[in-house]
Amino acid sequence: MLRSRLPFVAALAAALALGACGSDSADSAGSGDGAAPTAAANAFPVTVAHKYGSTEIKSAPTRVVTLGLSDQDAVLALGTKPVGAVDWFGEKPFGKWPWAQPLWGSNPPEIVGERDEYNFEKIAALKPDLILAQYSGMTKENYATLSQIAPTVGQPAKYADYAAPWQDMTLAIGQALGKEAEAKELIAGIDKRFADARTQHPEWAGKTAAVVDPFEPGQYAVFAGSDPKAVFLTELGFKIPDEITKLAGAENATVVSSERLDLVDVDRLLFLSGDPTAESRVKADKVYAGLAVAKEGRATFLPYEEPPLGGALSFNTVLSIPYAIDQVVPILAGGNNK
């Protein structure tokens, strides 16, 4: 789904007042709804660099708010339950995904915003001692406001918003939690799973692939190489055509009409949709039907939900990737175009 750039919402004075209290009392806040982390005793203070500078975390965080769309997964994987999180797919994230729901247990987070629109008053009321915004489009103004509430770690500096590799975001989160070694172990484990899949399927090496959301009749969102869904395929050995990423520019996708479906006449094509009628609609598109990828049955249609295969590819986190590998790799290997 396309990234939306939502306008900055100024924080209320009351939120800043609450934030000051939250920052002053962070050490005495306790774990609250969050699980107390087991960070290395000598890990703090730690300084984490990001897009807007660097942030010092003086002691092990216990009340973490995640503002990146998928940041909560890495935090959960490292043993901490965020007390606040943002929404993405229109439902509370802890209630949807099989890879994360068991880790939330009976302590769901407070929803403090949606995508890049944050409720500063709610965030401050949670008295966080760490705010994370890795997979986000957090603005400099947002960062300035949030930093008055608690130490805030913004998105990686070396990449455009929403374009940082999952490894970089996981490592930054691990550093902020005082669990850098554990984060590196998680990353290494998943890197090995991808390497194993590439070894098992050498035929995928260098083959072209594309990921498309046919969101409206005759309209297709084609995802750039930096989008998590495309990254999943490249880590399996596939290659996203350069022209797709060039057309997307700074965005995570380019929207094309049927006339430009030549862009996705690739070796392996993935369609992701939440619309159960999407497959029949796409197959009825005369331009698509004329492509070699369609004629030769090299396209696969996957739902975002039920089962949440597209959801797992969209998150592309240390929790969702193993689920996606287990579910999607056999489909790709079997050449199933259903």
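How do the strands (runs of 3 or more DSSP E) wholly within the range 57-120 filter down when requiring 3 or more residues that are outside the structural domain of S314 (by TED's automatic domain parsing) and under 21 Å from G174 (Cα atoms): which remain?
64-66, 84-87
Of all residues being of a type in the set (V, I, T) and within 27 Å of D191 (Cα to Cα) in the range 230-263, which is surrounded by the fewest Cβ atoms within 10 Å (Cβ to Cβ)? Just the residue, please. I'd like the intermediate steps shown before the answer.
Initially, the range 230-263 is screened for residues of a type in the set (V, I, T), giving 231, 234, 240, 244-245, 254-256.
Checking the rest, the ones that are also within 27 Å of D191 (Cα to Cα) come to 231, 234, 240, 244-245.
Values: V231: 21, T234: 14, I240: 23, I244: 24, T245: 18.
Among those that are of a type in the set (V, I, T) and within 27 Å of D191 (Cα to Cα), it is T234.
Results for (1) farther than 20 Å from A250 by Cα; (2) basic (K, R); (3) assigned to a loop (DSSP other than H, G, I, E, B); (4) touching a residue at least 40 places away in the same chain (Cβ under 8 Å), shown as yes or no for each residue.
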| position | (1), (2), (3), (4) |
| --- | --- |
| M169 | no, no, no, yes |
| D191 | yes, no, no, no |
| A195 | yes, no, no, no |
| R198 | yes, yes, no, no |
| V222 | no, no, no, yes |
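Of these, L302, L261, L272, which one is farther than 16 Å from Q219 by Cβ and of a type outside the set (F, W, Y)? Quick ask: steps written out before the conclusion?
Working: L261 fails: farther than 16 Å from Q219 by Cβ; L272 fails: farther than 16 Å from Q219 by Cβ.
Criteria check complete, one pass: L302.
Residue-wise test of (1) modelled with pLDDT of 95 or more; (2) surrounded by fewer than 24 Cβ atoms within 10 Å (Cβ to Cβ).
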| position | (1), (2) |
| --- | --- |
| S59 | yes, yes |
| V64 | yes, no |
| A100 | no, yes |
| Y118 | yes, no |
| E121 | yes, yes |
| I131 | yes, no |
| Q134 | yes, no |
| E141 | yes, yes |
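Evaluating D161 against the criteria (1) at pLDDT below 95; (2) on the phi > 0 side of the Ramachandran plot leaves one unmet condition, (2). Only a single item in (1) of a type outside the set (A, V, I, L, M); (2) surrounded by 19 or more Cβ atoms within 10 Å (Cβ to Cβ); (3) within 20 Å of the chain's Cα centre (by Cα); (4) at pLDDT below 95 is not met by G19, and it is number (3).
Go through the residues of the range 192-207 one by one and say whether even a single one is outside the structural domain of A49 (by TED's automatic domain parsing), surrounded by fewer than 20 Cβ atoms within 10 Å (Cβ to Cβ) and closer than 22 Å to H50 by Cα. Checking the range 192-207: not a single residue is outside the structural domain of A49 (by TED's automatic domain parsing), surrounded by fewer than 20 Cβ atoms within 10 Å (Cβ to Cβ) and closer than 22 Å to H50 by Cα.
Out of curiosity, is A230 out of contact with any helix residue (DSSP H, G or I) (no Cβ under 6 Å at 6 or more places or on another chain), closer than 18 Å to Q167 by Cβ and either polar (S, T, N, Q) or not in a loop (DSSP other than H, G, I, E, B) (or both)?
On the way: out of contact with any helix residue (DSSP H, G or I) (no Cβ under 6 Å at 6 or more places or on another chain): yes; closer than 18 Å to Q167 by Cβ: yes; either polar (S, T, N, Q) or not in a loop (DSSP other than H, G, I, E, B) (or both): yes.
Here the answer is yes, as A230 does meet what is asked.
Pairs are defined by a Cβ separation below 9 Å, a sequence spacing of at least 6 or placement on different chains, a first member in the range 63-77 that is closer than 16 Å to Y162 by Cα and in contact (Cβ under 8 Å) with a residue 12 or more places away in the chain, and a second member that is of a type in the set (S, T, Y) and surrounded by fewer than 24 Cβ atoms within 10 Å (Cβ to Cβ); the pairs so defined are L69/Y162.
Note on the range 175-189: residues that are outside any helix (DSSP H, G or I) and under 16 Å from S54 (Cα atoms) total 2. Within the range 295-320, residues that are free of Cβ contacts under 8 Å to residues at least 40 places away in the same chain and in the same structural domain as T208 (by TED's automatic domain parsing) reach partners that are in a strand (DSSP E or B) and surrounded by fewer than 19 Cβ atoms within 10 Å (Cβ to Cβ) with beta carbons closer than 8 Å, at six or more positions or on different chains, in the pairs L309/P303. When each of I149, I111 is tested for being of a type in the set (V, I, T), touching a residue at least 12 places away in the same chain (Cβ under 8 Å) and crowded, with 19+ Cβ neighbours inside 10 Å, the lone residue that passes is I149.
The values are calculated or read from the model by the stated rules, or taken from the named source; none is laboratory data. Keep in mind the model is a prediction, meaning the values are calculated, not measured. Note that each Cβ is placed from the backbone with ideal geometry, even for glycine, and that neighbours are counted across all protein chains shown.
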